[in-house]
Ligand SMILES: NC(=O)c1ccc[n+]([C@@H]2O[C@H](COP(=O)([O-])OP(=O)(O)OC[C@H]3O[C@@H](n4cnc5c(N)ncnc54)[C@H](OP(=O)(O)O)[C@@H]3O)[C@@H](O)[C@H]2O)c1
């Protein structure tokens, strides 16, 4: 199936590893000009090498940026547009909110978590939105997470940020839809990435028995849905949040 992604310019924040890294590989395989961003240069270079090898492409741009800083985000989008003349797709896959016991999390922990997981996605979307609106086509895919709806005592900052992102996704979709900018989200359950180790090390407990499929997800399983939401095949989804949790959330 032709996804209509060939020639599109895709910016993937958090593209150096995990879900963002997997999405970048698949988007490059579909023919997108991929730009990956994160803070650490070494991990970005390693991800770019994987993308080149697995997608058989040369054209991968890496840009170091800290998405808690508006000037970094402005510079990031400016450089994408300078290089490619446009930005068609944004995948917002930055981590990571702090985990830990409520009484041990400080104001700074909460502020850093919301500054990245919630505001990082807000400010990146705000920076690309005018470009997409002007060209009358765009796809924004936010990576949220089941903690938006499944409250967990040791994952409060992630849960609060994710709940905010549900609202943000739907509200931005209302602005973008009439302009051809479709804003949607994926909401992964537990995914086998570096973040999972961090969450477990900080007291977040997982019971595989609560997951119908009896296992954690691999990053590529989330990336498959991201590619659809980023594609021309996605034409009538606007403010949708796609749960990819192996059957963990069972409420209707
Ligand atoms: N893994 C899970 O179980 C799970 C479940 C549900 C939702 N999610 C969500 O999925 C998204 C990706 O998670 P993941 O598991 O793929 O995480 P990951 O493997 O830890 O990757 C996180 C990415 O974000 C980047 N990042 C971190 N801080 C940043 C900052 N200040 N500015 C820019 N980039 C930054 C990291 O690179 P640098 O550190 O070099 O900046 C890295 O590329 C996150 O929003 C996470 O909350 C994950």
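One table, with the values for the structure above:
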read-out	value
Region 9-244: relative contact order in percent, alpha carbon pairs under 8 Å with at least 6 residues between	20 percent
Burial ordering of 101, 131, 147, fewest other beta-carbon atoms within 10 Å first	101, 131, 147
Neighbour-count ranking [beta-carbon atoms within 10 angstrom, fewest first] of 81, 252	252, 81
For region 102-231: rounded, prolate or oblate by the Cα gyration tensor [a/c cutoff 1.5]	oblate
Mean separation of Cα contacts under 8 Å (6+ apart) over length of region 173-246, as relative contact order %	52 percent
Cα extents of the chain along the three principal axes, largest first (Å)	48, 38, 36
The chain: most fluctuating residue of 13, 212, 124 per GNM, C-alpha cutoff 10 Å	212
For 243, 64, 93, order by how many other beta-carbon atoms lie within 10 Å, fewest first	64, 243, 93
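A short reminder: the numbers here are calculations on the coordinates, not readings from a lab. Keep in mind the model is a prediction, meaning the values are calculated, not measured. Note: ideal-geometry Cβ built from the backbone for every residue, glycine included; neighbour counts use all protein chains shown.
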